[in-house]
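Down below is the structure, laid out as structure tokens.
The values are calculated or read from the model by the stated rules, or taken from the named source; none is laboratory data. Being a predicted model, the structure only gives us computed values, none of them experimental. Note that we place each Cβ from the backbone using ideal geometry, even for glycine, and neighbour counts take in every protein chain shown.
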């Protein structure tokens, strides 16, 4: 059965979220498959790593592993969603194959590294305060100076979180911009910044509506497991291996459902902004995607 050609049009937040859900439901296997192919192996590694970290009492930095996969999924979804709007069939393999072509792969990796350098730099700079703060928190009778330092650290952490949120939203259109417009990493960063200039709060609303919904779902799924883990930690017991596995499996399930929905919402928001700014339509989408494909074909012929 061939894909149904969809209509690009300006949309408000509610319409855009409704279109995201409709697109997700009608292309469930494709969109979830795009996420699953990356998140299943990552989750297996994460299960092993989480257990090792708990045994060594180290800091869990596993969230960093999801940065590049999330960006790759968004890039692959850009091809998938664009093909659906053009009324063309595509597959999971074809979406990823187009990312790893020479014209796209290195600029894409560069753009992602620059983007998350902006987003996470403040967090990395103050990450060293987490362990001292935890040590002070374990003190039975912290001094007034300790309490002041803890409050200062909490303030720095809060500032870092605000920074991360602001830049995450400002740069949420980097991946679609690079894939559709076949631009370089710095141009993709600049393009997202300019597109978001008068659309920040709309993007914020879309982004965090999707995130909030899935956080609530995650809390319902992970709540009982988290309760067991906290009870084990408070009692000084070594956490159950099977509870750890169940926790990571549930996180993987939530991730494979969240990332396609969030990625699709970003892409539709990118279309919406360009429709309003550039008169973007199906013909322009086809031409811009086509230029990237022709560029790759030309490189193969020259070699």
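When the residues of segment 2-19 are narrowed to those that are farther than 21 Å from residue 278 by Cβ and either touching a strand residue (DSSP E or B) at 6+ places or on another chain (Cβ under 8 Å) or surrounded by 12 or more Cβ atoms within 10 Å (Cβ to Cβ) (or both), which ends up modelled with the lowest pLDDT? The qualifying residue modelled with the lowest pLDDT is 3. Scanning segment 172-195 for residues that are touching a residue at least 40 places away in the same chain (Cβ under 8 Å), within 22 Å of residue 285 (Cβ to Cβ) and more than 17 Å from the chain's Cα centre (by Cα) turns up 180, 181, 182, 183, 184, 185, 195.
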